[in-house]
Amino acid sequence: MKYKDANGTILGYTQAGVKETQESAEALEYDCDVLIPAAAEQAINKYNVANIKAKIIGEAANGPITPFADEALLKKGTIIVPDLLLNAGGVTVSYFEWLKNLSHVRFGRLTKKWEERSKALMLETVEERTGGAIGVDRRAKIVVGPSEKDIVYSGLEETMAGAVEETKATAQEFNV
């Protein structure tokens with residue numbers, strides 16, 4: 001951290017024992033505590049899994065470990081942080097973009113006005129039943145339908161929460 005603070009970067013730091021290589025596949029087999037394969041699918045597979053020395057692997061790429069390699073790594077005690085959890089935001093938003101592109105319709109376009117009318121009707125009913133009135137500014141905040149950003153964030157939050165729960169269950173199952 002001293003080097004980074006003094007230089008504003010970690011580039012050029014020579015005390016970490018970093019090896020230079022021309023082949024990215026070689027880097028997967030370095031002796032390290034944490035390995036983050038972040039560029040290619042199936043980077044860790046039946047051909048190189050026996051040479052993987054990392055204690056923890058964080059799947060930053062989509063599917064960087066094949067099912068065969070995943071099983072072999074788990075058997076030798078390697079902790080794997082799955083891509084769905086580590087990279088869930090990017091993967092989920094890409095999925096949402098794909099869905100949107102298939103339909104050529106932005107999220108919320110088909111339901112926004114319906115939601116606004118439903119909420120307005122509900123507020124009117126509450127006001128009639130209670131004899132009270134909700135202020136104009138407050139009504140506007142309650143009635144407004146979700147923006148595309150709201151819908152994407154909601155879906156992203158749901159996906160991330162599910163991934164965390166699945167990861168916690170797996171961690172408990174394997175006692176890690």
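Sub-8 Å Cβ pairs linking a first residue in segment 3-28 that is modelled with pLDDT of 80 or more to a second residue that is of a type in the set (A, V, I, L, M), at least 6 apart or interchain, are Tyr3/Ile10; Lys4/Ile10; Ala25/Ala43; Leu28/Leu35; Leu28/Ala43; Leu28/Ile44; Leu28/Ile52, ordered by first then second residue. Scanning segment 66-76 for residues that are open to solvent by 70 Å² or more (accessible area, probe 1.4 Å) and free of Cβ contacts under 8 Å to residues at least 40 places away in the same chain turns up Pro67, Phe68, Glu71, Lys75, Lys76. Thr125 fulfils the conditions (1) farther than 30 Å from Leu84 by Cα; (2) open to solvent by less than 90 Å² (accessible area, probe 1.4 Å); (3) modelled with pLDDT under 95; (4) out of contact with any helix residue (DSSP H, G or I) (no Cβ under 7 Å at 6 or more places or on another chain) except for a single criterion, (3).
Scanning segment 67-118 for residues that are closer than 30 Å to Gln42 by Cα and assigned to a loop (DSSP other than H, G, I, E, B) turns up Lys76, Gly77, Thr78, Pro82, Asn87. Taken over segment 77-106, the criterion of being crowded, with 16+ Cβ neighbours inside 10 Å and small (Gly, Ala, Ser) is satisfied by Ala88 alone. Quick one: what pairs do we get from segment 29-41, first residue without any contact (Cβ under 8 Å) to a residue 60 or more places away in the chain and farther than 18 Å from Leu85 by Cβ, second in a loop (DSSP other than H, G, I, E, B) and among the polar types (S, T, N, Q), C-beta under 7 Å, 6+ apart or different chains? Once the first residue is without any contact (Cβ under 8 Å) to a residue 60 or more places away in the chain and farther than 18 Å from Leu85 by Cβ and sits in segment 29-41, its partners that are in a loop (DSSP other than H, G, I, E, B) and among the polar types (S, T, N, Q) give Glu29/Asn48.
Per the conditions (1) out of contact with any strand residue (DSSP E or B) (no Cβ under 7 Å at 6 or more places or on another chain); (2) under 27 Å from Thr167 (Cα atoms); (3) not charged (D, E, K, R), the sole criterion not satisfied by Ala69 is (1). Does Gly145 satisfy the criteria of being touching a residue at least 40 places away in the same chain (Cβ under 8 Å), more than 27 Å from Ile57 (Cα to Cα) and open to solvent by less than 40 Å² (accessible area, probe 1.4 Å)? So Gly145 does not fit the description; no.
The values are calculated or read from the model by the stated rules, or taken from the named source; none is laboratory data. In this text, all values refer to a predicted model and were calculated from it rather than measured experimentally. Note: ideal-geometry Cβ built from the backbone for every residue, glycine included; neighbour counts use all protein chains shown. Each accessible area value is taken on the protein alone, full model and side chains, heavy atoms only, with ligands, DNA and RNA left out. Shrake-Rupley method; radii C 1.70, N 1.55, O 1.52, S 1.80 Å.
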